[in-house]
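**Student:** Please see the structure below; I have some questions.
The values are calculated or read from the model by the stated rules, or taken from the named source; none is laboratory data. This structure is a prediction, so every number in the text was calculated from the model and none was measured. Methodologically, a virtual Cβ is constructed for each residue, glycine included, from the backbone with ideal geometry; neighbour enumeration extends over all protein chains shown.
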Amino acid sequence: MMKALSITHPEVTRESLLEIAEKTPGAWIGIRIAGYLLMLSGWKSTQVAELFDLSRLGVVKWIRKANHRGLASIEDRPRSGRPARIDARVLKELDKILSKSPKQVGISRAKWDGVMVSEYLKRHHQITIHVRHAQRLIRKLGYSLRQPIYRYVQASEEGIQSFRKTLKKTPPGDPK
């Protein structure tokens, strides 16, 4: 018969866990605290695992972490991963820039779009992102993407009429 695992670290007591539970928001932290409390009151790891619909191995890991780290085991350690390319400072600056027209920033466009935002970030912050991500950033900052209406400003009314007259049109009934 195997010996049941138990929590032996002196910091992990019912009182200290309840005190932390009152201060700390978060569902998983609360579940972990409840699991520790149940094990401190005599429940086996398999019973706690069944109660919270967890694997027994997961609860065993909780116990080992508690025995090794004490109360620090309640909160998760920060996860590793690729750091964000766009930090809060760049995001704040981008918000300011988007409130201006591109022409005020030195870009010859009428409206901001994903292409222009990704180009701006590349030029001014050496950050390369895809157009779709730039569009998500625009929406995240509370701006909407509107389709620009292109007009040929340099075209005169006379030039437009002349172009229409000289434009070759396929005669009706011609299959080409």
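**Student:** Among the listed residues Gln126, Gln135, which satisfies the condition of being under 37 Å from the mean Cα position of the chain (by Cα), loosely packed, with under 10 Cβ neighbours inside 10 Å, closer than 21 Å to Leu91 by Cβ and modelled with pLDDT of 80 or more?
**Tutor:** Only one candidate qualifies: Gln126.
**Student:** Can you confirm whether Gly58 is outside the structural domain of His130 (by TED's automatic domain parsing) and in a helix (DSSP H, G or I)?
**Tutor:** Criteria met by Gly58.
**Student:** For residues in the stretch 77-95 being at pLDDT 85 or above and surrounded by 10 or more Cβ atoms within 10 Å (Cβ to Cβ), which is nearest to Leu141 (Cα to Cα)?
**Tutor:** This residue is Asp95.
**Student:** Here is a further query. Quick check: is even one residue across the stretch 56-75 over 30 Å from Leu5 (Cβ atoms) and within 22 Å of the chain's Cα centre (by Cα)?
**Tutor:** no
**Student:** Here is a list: Val90, Val117. Which entry is more than 20 Å from Gly30 (Cβ to Cβ), touching a His at 6+ places or on another chain (Cβ under 8 Å) and in a helix (DSSP H, G or I)?
**Tutor:** Val90
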